[in-house]
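Trainee: Sending over a structure as structure tokens; questions will come in a sec.
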Amino acid sequence: MLLKSIAIDGPAGAGKSTIAKKAANELGYIYVDTGALYRAIGYYMATNGIETTSDSEVTPELKNVKVELRFVEGAQRVFLNGDDVSEKIRTPQMSMYASNVSAIPSVREFLFDLQRDIANSNNIIMDGRDIGTVVLPNADVKIFLTASPTARAKRRYDEHINKGETVNFDKILEEIKLRDYNDSNREIAPLKQADDAILIDTTEIDLEDSIKLVIDTITQKLG
Ligand code: C5P
């Protein structure tokens, strides 16, 4: 059977994971959230007292790290050295640690094969920052999903509030802008739209319509 791969890239808070999950469900594909891999590495480094921006501190530690993705009833779980860290990696602080370690070349190399291997053995929708440009340059469909920083911050804010967490909107907006800057300006695999990716801007579109638009785009492109 010829396997299909769909790459969805874009900045933080554009709705990639929610939309990709729904689309994967609809198509019967496996959804892979690659941000979780960078988060797991950031989590490991931060909890072991390693400076997450330091290549010389992070790189030698990677030999002590084992990251695995397991799919339980269609949902992805992330395991770090055998422990399920899927929830612990979801804080705003972990987002920044993930962004820091993701700029280190050895970290990207470390996670590269893992991402490729999953795509080589499943029909997948993979989301991230460099899936269409670096990880799966031959993906069957590439989508670059974006929205204005304010719209993205508002969605993240609502997500946290709905979980009963206390968060500050301005701080979230500031973090989103900082992460956009870091992710777009790093030397290795920066966040950018692949030449052959379809741009979808969801600033003015609600979640339901965004999901429909993405699924329609994918099914049309797959033929
Ligand atoms: O997608 P998510 O917000 O969980 O990603 C966390 C961080 O991991 C991003 O800000 C980015 O720095 C990094 N990342 C990356 N490449 C990917 C996925 C995520 O550099 N493919």
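The values are calculated or read from the model by the stated rules, or taken from the named source; none is laboratory data. Values in this document were obtained by computation on a predicted structure and should not be read as measured data. Don't worry about glycine lacking a Cβ; one is built from the backbone with ideal geometry, like all the others, and counts go over all protein chains shown. Ligands, DNA and RNA are stripped out before the accessible areas are found, and what is left, the full protein with its side chains, is counted by its heavy atoms. Shrake-Rupley method; radii C 1.70, N 1.55, O 1.52, S 1.80 Å.
Trainee: Quote the relative contact order of the chain in percent (integer), defining contacts as alpha-carbon pairs under 8 Å separated by 6+ residues.
Mentor: 32
Trainee: Apply 1/(1 + (r/R0)^6) to the Cβ-Cβ distance of F79 and K212, taking R0 = 41 Å, and write down the FRET efficiency to the nearest 0.05.
Mentor: Here the calculated transfer efficiency is 0.75.
Trainee: Here's another thing I want to ask about it. Quote the accessible area belonging to T18 in square angstrom, nearest 10, computed with a 1.4 Å probe and with ligands, DNA and RNA left uncounted.
Mentor: Accessible surface of T18 is approximately 50 Å².
Trainee: How large is the accessible surface per residue of the chain, computed with a 1.4 Å probe and reported in Å² as a whole number?
Mentor: Numbers: 11170 Å² over 223 residues.
Dividing the accessible area of the chain by its residue count gives 50 Å².
Trainee: What percent of all Cα-Cα pairs in segment 154-211 falls into each 5 Å bin, going from 0 up to the bin containing the maximum distance?
Mentor: In order of increasing distance, the bins hold 4, 15, 15, 19, 23, 16, 8, 2, 0 percent.
Trainee: Then there's this: With every protein chain left in place, what is the accessible area of D170 in Å² (1.4 Å probe, nearest 10)?
Mentor: It works out to around 100 Å².
Trainee: HN-Hα J couplings of segment 7-24 from phi, Karplus 6.51/-1.76/1.60, θ = phi - 60°, integer Hz, Gly and Pro as x?
Mentor: 9, 10, 10, x, x, 4, x, 7, x, 3, 5, 4, 6, 5, 4, 4, 5, 4
Trainee: So what are the ³J(HN,Hα) numbers for segment 28-43, from phi and the Karplus equation (6.51, -1.76, 1.60; θ = phi - 60°), rounded to whole Hz, Gly and Pro as x?
Mentor: The phi angles translate into x, 9, 8, 9, 10, 9, 6, x, 4, 5, 5, 5, 4, 5, x, 4 Hz.
Trainee: For the chain, give the percent of accessible area contributed by carbon and sulfur heavy atoms, probe 1.4 Å, rounded to a whole number.
Mentor: Details: 5380 of 11170 Å².
Answer for the chain: carbon and sulfur cover 48 percent of the accessible area.
Trainee: Probe radius 1.4 Å, ligands and nucleic acids left out: which of R186, R156 has the largest accessible area, and how do the rest follow?
Mentor: Greatest to least solvent exposure: R156, R186.
Trainee: Give me the log10 of I(q) over I(0) for the chain at q = 0.08 Å⁻¹, as the Debye formula computes it from C-alpha points; what are the numbers?
Mentor: Once normalised to I(0) and log-transformed, intensities are -0.26.
Trainee: Over segment 8-89, what relative contact order in percent results from Cα pairs under 8 Å that are six or more residues apart?
Mentor: Numbers: 73 pairs, mean separation 19.1, N = 82.
RCO, segment 8-89: 23 percent.
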